[in-house]
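J.: One structure, pasted below without further comment.
The values are calculated or read from the model by the stated rules, or taken from the named source; none is laboratory data. For clarity, every value in this text was computed on a predicted model and none was experimentally measured. Every residue, glycine among them, receives a Cβ derived from its backbone with ideal geometry; neighbour counts consider all protein chains shown.
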Amino acid sequence: MERTDVGDPHQPQWTGPVRVASTAVPVRSQRWPGDGDPSKVVATAQCPAAAGRRSGGGTHLCIRGRRTHSAFPISSERGKSQRSRVGKQRCGMSPRRPQRPSGPFPYLDDPEYRAQFVEAGLVDPRCTLDRSALERLATEAINLKSLIATSGTKRTGINVTGFKAVHEVPTEHGTLYELRVKQPGLASAINQFNIRFAYDVAQSATVPTPRVVPVKSPDGGQRAVLEVGFESEKALTEHLTFIEGRLTAAEKARNYDLKADLAVSGQDERATYHVVRYRVGDQMWDTTAATAGSNRTRHRHDLFGLQPAAGLLGLPQQVLGGPEGQRWRNPADWRDRFTAQLNKYSGVDPEDIEIPEDDPEKAKEVLEERRWAKLAADALQVAVTDAAFVIGYVPKEGTPPDFDAALASTNLRTHLRGPLDFSGTNQAMASGRKLVDRAYADTAITELEHAVLTGATPAAFLDDDPREAVVKLVRLVDRVVFPSDIPSLRRTTKVLVEPSPSLLRAKHAQTRGEIRSTLLTAAVGGVDLPAAAMDTPHQSTVRKGIDTTGLPAAELIAAAASAEPSDGRDAARTELAHIAVPGLVNGKVLLGSYGSTGDRRAVSTKLAAARITDDGITLFVEAIDTFAEVMQHRAGRMAKARPGELAEGRLRKVADGAVVTTDTAKPADSEWFTSHWPPVKDGDSGGGTGTPSGLSPSEEWAAKINDITGLVENAKKGVTTLDKHFEAMHALVGPGRDMSADERQGWEDELDKLGPIVESAGKHLRKLRYRPTDTEAMTGGIGEFVFGTERAE
C-alpha cells in the first residue's frame, strides 16, 4: 500500500517500494523547494550494505548512471547560496539516529556493542588490558561487532567468548598481540614518549621528565598498558610542546609533504597504537598512542583541524561552541557531535557558501560553516583508516617483562624498514641475485660463495673458524656489491644499470646498501640488518670500492689492538669496525641516524668515534663473535667457546647506561653506545678564548653560500606574500572606490616607498639568473664578481 507522509515540505516524501534485483528497496523521490524542474528529481535507494552498518551508513545517490555517496542532494542549480541549503536538507540522516546526518565520517558504535567489546577483551586470554583500557579502545575503533566472537543462539543465549582474529607479533622481548581494526581518522593520538626523542628529552634541562611504569595485573603479570605520571597538566603540555617541536624538525628530512599526500591519497599504511594511562595530579585517564605512526597520526588530525593535545588531553569544548578552559576527556562525550558537523558539510564546496556583506554577525556564522566544509573536504580521504591496537603482551620466557622494549622493537623495525621479505619480488634481493649470478658466471666467486650468497648454503661453511667465517662473509659481499677492481666495477655498473663511476650519486650508494643488507641476511638467515642502520659507504667510496687489508681475522684483530700508532693500525681498525657492523646492528647497538637515543650521527661517524678507543676495539670483537654464534646456530652447529678474556657473555654489558662492567642485567644497546661515545658538542674543544679576527673575503662568501637555501626560501615567501597582498588590495583602489584625497595620498606614499625595493630586487634577480661573462674578474672581494646583465627576451 502506497503511503505519502504530510509534514515538513523540506522532508523527502515516500512514494512507494520498488524492486531492485528481486529485493524490495524503499525509494524516495526528493523534490527540493525552488528547483521546480522535474528533471532534477533524484531517486535514492538505501544500499543494503549501508543499511546494515551501525556507524552512520550512508545514502547512495544514483544520477544518470553515476553512483555517489553524500549526505546532500545533487542539483545542477547555480547562483543560489549553498549555505541556504545546509540548514534545510534532511535527506542524509543516520538510520539509527535520525537527528544526525549520515556521510563518509563514521560515528561511534552503539553503546551495546562497545560494552560487548569490553567483555570480549576481558574473557580473551590473549588480551591483557583491563576494563578502563578496553573502554577507551572501544571508542577508537568502528564496526566492533565484526571483531567479537560469540557462541550460542538467540534461543539458547548468546555468549561473548573473545575476539575473532588476533595477530601475534614476536619480538626479542616477548610476544605482542594485535587487534586489527577500522578506525575513524580523527581517533587515537601521537606518541608523546616517542622512542626517537627519549634521548633529546633526557638531555634537555628544561623539559619535564615523566615517570613511566608498566601496569601490573592482580596476579603480578604485566598488562599491555604503560602508565605515565606528570606532576601537573602544565608539565605535561611543556613535554608535549617539546615533542611536537622534535616531530616538526624531523619532518624537514622528508622529501615530500606527508600531509598533502594524506589529503590526496589517504593513508595506505596501517599505524599501530598502544594504551597509555596518564596520571596527572589526582586525575587519571587512558588514551591510545602511536607505537608506529606518530607523523601519520599528527598530519591526519591536522586535516581534521585537531592539534596533538586533543588526542592526549581531550577536545577543548570551545571547538564545539562550549566554554573556554574545559575539555572532554572521553571521546564518547564529543566524537559524535564533531563527526555530525563533518557529515553535515561533506560534499559542500566552501566557496559556494556566500558571506553576507551587510551582516557581520551572520558573516561570522558563515565563516564557521566554511571552516567545517573545508575540514570535511580536506579529511575526506582519511575519514576511515586501518589500525592495529596492541591488546596483549606475554614476556619472553626466562627474561624479565619489558613491555616498553617490546613496543620499541616493533617501532624500530617499522621505521628502519629492514629487508624482511626475500621473495623474488623484492627489488633489492632480485638485484643482488643478478649480481651474484653474473659474478659466478665470470668466475669472480666460487661455487660455495655463490651458494652462500643465494641462501642455499649457510654462511658458517665459509670457514671452520667462526671469526674467520664472519670476516670472509663481509668481504665476499663487499667484493660483489662494492668491488674495487676494474672488471668487477664494470660488471656491477652494467648489472645495476648505473651511470659511469664518476657519475654515481647518493641514491646509487643507497641502492647498493640495500642490496648488501639483503645478501648478508640471505646468507645467514633470521637476522635483522636494515640498510638504514648499516654503514653504507659514501658515493665517493662506491666509485672506487671498499678496500681491505686482506689480513686473516686473528691478525686483523691483533693489528687493530696494537698499542703502537701506525697507518697499519688505522687501516685495521677501520676494517674491523666495518666487519663488526652486522653484529652491532643485529644486536640493536647501532640504529643508524634514526636511533632510540636521538643520536642522529651517521653510522660512519659513530664507528669512527669508537674505533679510536680500546673499548671500541673490544666491542667490535665481541660483535663479530656474537654474529659468528648466530651463523653457527643457523648452520645447525654448536657455538664454539670464545677465546681468552672474551669467554664471558655476548656483547659488552653495562650498568646504568654508562659504567662498563660484566653485569649481565643489561646488554649494550644504542643508548649505552651514545653515552659511552657521545657526540662532540659545540664549545667542547677546549681551545681557549681565541684571538679576534674577521672573516676573509672567501670565508665571507662561503658563509653566505652555506645559508643560501634558507635565504632563497624566505625571499620566495616574502615576494609571494607581497604579490598576494597587492592582488587583494587591487580591488580596494580600483575604479568606483570612493577614496578621499588624504587616503589616495597615503596609498601613493606607501607605493613610492616600495617601488625602489621592487626595482632593486628585479635587478639582482636578473644578475643571478645569468652566468658571469668574465670569471677572471675576481680580485678577492665579495662584491666584485661581475655578472652578465643581458636581459631575458
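J.: Can you tell me which residue within region 327-347, out of those that are surrounded by fewer than 19 Cβ atoms within 10 Å (Cβ to Cβ) and in contact with a strand residue (DSSP E or B) (Cβ under 7 Å, 6 or more places away or on another chain), is nearest to Gln192 (Cα to Cα)?
T.: Step by step, filter region 327-347, then rank; the result is Arg329.
J.: If you don't mind, another one. Can you confirm whether region 354-364 contains a residue that is surrounded by 22 or more Cβ atoms within 10 Å (Cβ to Cβ), touching a Ser or Thr at 6+ places or on another chain (Cβ under 9 Å) and not hydroxyl-bearing (Ser, Thr, Tyr)?
T.: No, region 354-364 contains no residue that is surrounded by 22 or more Cβ atoms within 10 Å (Cβ to Cβ), touching a Ser or Thr at 6+ places or on another chain (Cβ under 9 Å) and not hydroxyl-bearing (Ser, Thr, Tyr).
J.: If I ask for residues that are within 29 Å of Pro552 (Cβ to Cβ) and β-branched (Val, Ile, Thr), which ones from region 457-509 would you list?
T.: Answer for region 457-509, where residues must be within 29 Å of Pro552 (Cβ to Cβ) and β-branched (Val, Ile, Thr): Thr457, Val470, Val471, Val474, Val477, Val480, Val481, Ile486, Thr492.
J.: Taking region 542-566, which residues are within 30 Å of His508 (Cα to Cα), charged (D, E, K, R) and not in a loop (DSSP other than H, G, I, E, B)?
T.: Arg543, Lys544 - these are the residues of region 542-566 that are within 30 Å of His508 (Cα to Cα), charged (D, E, K, R) and not in a loop (DSSP other than H, G, I, E, B).
J.: Could you run through region 362-412 and say how many residues are of a type in the set (Gly, Ala, Ser), touching a residue at least 24 places away in the same chain (Cβ under 8 Å) and part of a helix (DSSP H, G or I)?
T.: 7
J.: Filter region 716-754 down to residues that are surrounded by 10 or more Cβ atoms within 10 Å (Cβ to Cβ) and among the small types (Gly, Ala, Ser) and give me whichever is modelled with the lowest pLDDT.
T.: Gly746
J.: If only one of Val228, Val207, Val181 is of a type in the set (A, V, I, L, M, F, W, C) and in contact with a Leu (Cβ under 7 Å, 6 or more places away or on another chain), which one is it?
T.: The unique qualifying residue is Val181.
J.: Here's another thing I want to ask about it. Give me the residue from region 247-269 that is of a type in the set (D, E, K, R), modelled with pLDDT of 80 or more and not in a loop (DSSP other than H, G, I, E, B) and, out of that set, nearest to Asp302 (Cα to Cα).
T.: Across region 247-269, the extreme among qualifying residues is Lys259.
J.: While we're here: Tell me, please, whether a residue that is part of a helix (DSSP H, G or I) and farther than 30 Å from Gly636 by Cβ can be found in region 519-532.
T.: Taking every residue of region 519-532 in turn, at least one turns out to be part of a helix (DSSP H, G or I) and farther than 30 Å from Gly636 by Cβ.
J.: Here's another thing I want to ask about it. Can you tell me which residue in region 194-206 is modelled with the lowest pLDDT, limited to those that are surrounded by fewer than 19 Cβ atoms within 10 Å (Cβ to Cβ) and assigned to a loop (DSSP other than H, G, I, E, B)?
T.: Ranking the qualifying residues of region 194-206, first place goes to Ala205.
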